[in-house]
1. Using alpha carbons only, how many angstrom separate the centre of segment 167-217 from the centre of segment 31-51?
2. Near Lys238, which lysines are there with a Cα under 22 Å away, not counting those fewer than 8 places off in the same chain?
3. I need to check one value: relative contact order of the chain, counting alpha carbon pairs closer than 8 Å and at least 6 residues apart, in percent.
4. Sort out for me the Cα centre separation of segment 225-246 from segment 315-340, rounded to whole Å.
5. Can you give the local net charge around Leu58? Use residues other than it whose beta-carbon is closer than 12 angstrom to its beta-carbon, Lys and Arg +1, Asp and Glu -1.
6. Ratio of segment 256-309's C-alpha Rg to 2.2 N^0.38 Å, to two decimals?
7. Quote the FRET efficiency, to the nearest 0.05, computed for Tyr331 versus Ser115 with a Förster distance R0 of 45 Å and r equal to the Cβ-Cβ distance.
8. Along the positive direction of the dipole of the chain (beta-carbon charges: Lys, Arg +1; Asp, Glu -1; about the Cα centre), which of Thr66, Ala45, Ala28 reaches farthest?
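Values quoted throughout were computed directly from the atomic coordinates according to the rules given, and no laboratory measurement underlies them. Treat the numbers as computed from the prediction; the structure is a model and nothing was measured. All Cβ positions, glycine included, derive from the backbone under ideal geometry; neighbour counts span all protein chains shown.
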Amino acid sequence: MMVDSLGVEKIDESTYRGLKPLCKPDRAARGVYGGNLVGQALMVAMASAGEGFEPHSLHAYFVKATTDKSPLEWKVEQVSNGKTFANRHLQATQDGKITFLASVSLTKVNDFSKSVKEYEEKMEKYNKLQNASSTSDDDNDDNDDDVEPSKPIQFQTPLLKWLQNSPKLENLPTDKRFGVIKTDFKFPVEMVDLTATIEEELQNVTDRKVGFLLRWTPDEEQTRLLANGDSPGATMIKYVGLGVLSDSIFLTRLARILRVETVDLNHLVHYYSTSLDHVVYFHDHDFDPTQWMKFQFKATRFGNRRVVLEAEIFNHKNVHVATIVQEGLVYFNGLEKYAKL
């Protein structure tokens with residue numbers, strides 16, 4: 001796949017190699033940005049599975065810091081190949097050492113709008129048969145079309161109230177401090193000013209949910225591919241973009257969840273942290289990572305210097321399209337004594 005910043009080339013049936021080294025989120029970082037690792041893993045998995053397969057989940061481990069000095073080599077194990085599901089296990093190596101592991105499960109059924117359309121077509125056929133049978137003496141109990149189809153349903157996590165006012169949020173200034181990883185942000189006042197959410201202090205720390213807006217800014221080649229609508233290339237780049245966004249900056253926002261008043265929440269880093277593992281569930285096909293998406297999260301457990309974070313990503317229609325679970329290693333260096341628990 002010739003995609004400028006995250007592209008890979010196929011060496012053989014089980015080997016892919018990055019076209020370029022991945023980038024760090026900033027110069028001080030130990031390793032490359034985790035979202036780019038996730039994005040490139042999804043690209044490799046989709047290329048290996050073939051046309052029509054889209055990821056519905058990724059389970060990954062950050063084994064060692066990946067440097068920005070050389071491209072990654074990806075070893076692919078084809079765990080299973082089915083009609084509607086496929087599974088791939090990936091090993092990313094650099095200088096002969098494994099730095100990243102990922103298991104990706106893919107499916108051909110990941111579009112709710114398509115399921116609704118199929119239901120409506122079956123329902124129309126069913127109604128026609130029912131009307132025909134009411135005027136006929138024929139009795140055909142063996143006709144599968146004579147069984148009323150089941151209507152597809154879906155439900156989702158509620159979106160934060162202060163992320164729902166799209167026109168107001170769209171007018172927020174765009175934060176481009178992480179332009180090196182091609183991600184823009186918008187931070188509502190509730191995200192950076194603790195006085196705007198005093199009611200959170202009455203909540204258990206694990207119930208506090210916060211959020212912001214973000215979007216992926218693809219390079220020229222990725223933009224060209226995305227312009228092809230639902231072509232295989234456009235679909236692949238779309239999932240790659242969401243993978244890039246999935247790591248985001250939420251691990252460094254733990255001070256906001258803890259309501260630490262001694263830090264300036266407009267700054268992006270207040271303590272040392274690194275991702276240990278990363279899980280993404282892709283719930284639907286209906287999203288565009290280049291449009292403003294909404295990212296909300298909470299911290300469900302902290303202990304032994306490790307925190308578990310749960311997050312949801314919503315598309316521009318406020319539909320919950322992806323869920324993320326991540327465990328990170330955190331060294332507060334004394335900041336924890338100011339936490340509101």
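1. Taking the Cα centre of segment 31-51 as reference, the centre of segment 167-217 is 27 Å away.
2. Output for Lys238: Lys10, Lys20, Lys24, Lys108, Lys114, Lys176, Lys182, Lys186, Lys294, Lys317.
3. Numbers: 673 pairs, mean separation 57.9, N = 341.
Contact order relative to length: 17 percent.
4. 25 Å
5. Numbers: positive: Arg88; negative: Glu54, Asp247, Asp277.
Net local charge, Leu58 excluded: -2.
6. 1.47
7. On the way: r = 46 Å, r/R0 = 1.01.
For Tyr331 and Ser115, the calculated efficiency is 0.50.
8. Final value for the positive-end residue is Ala28.
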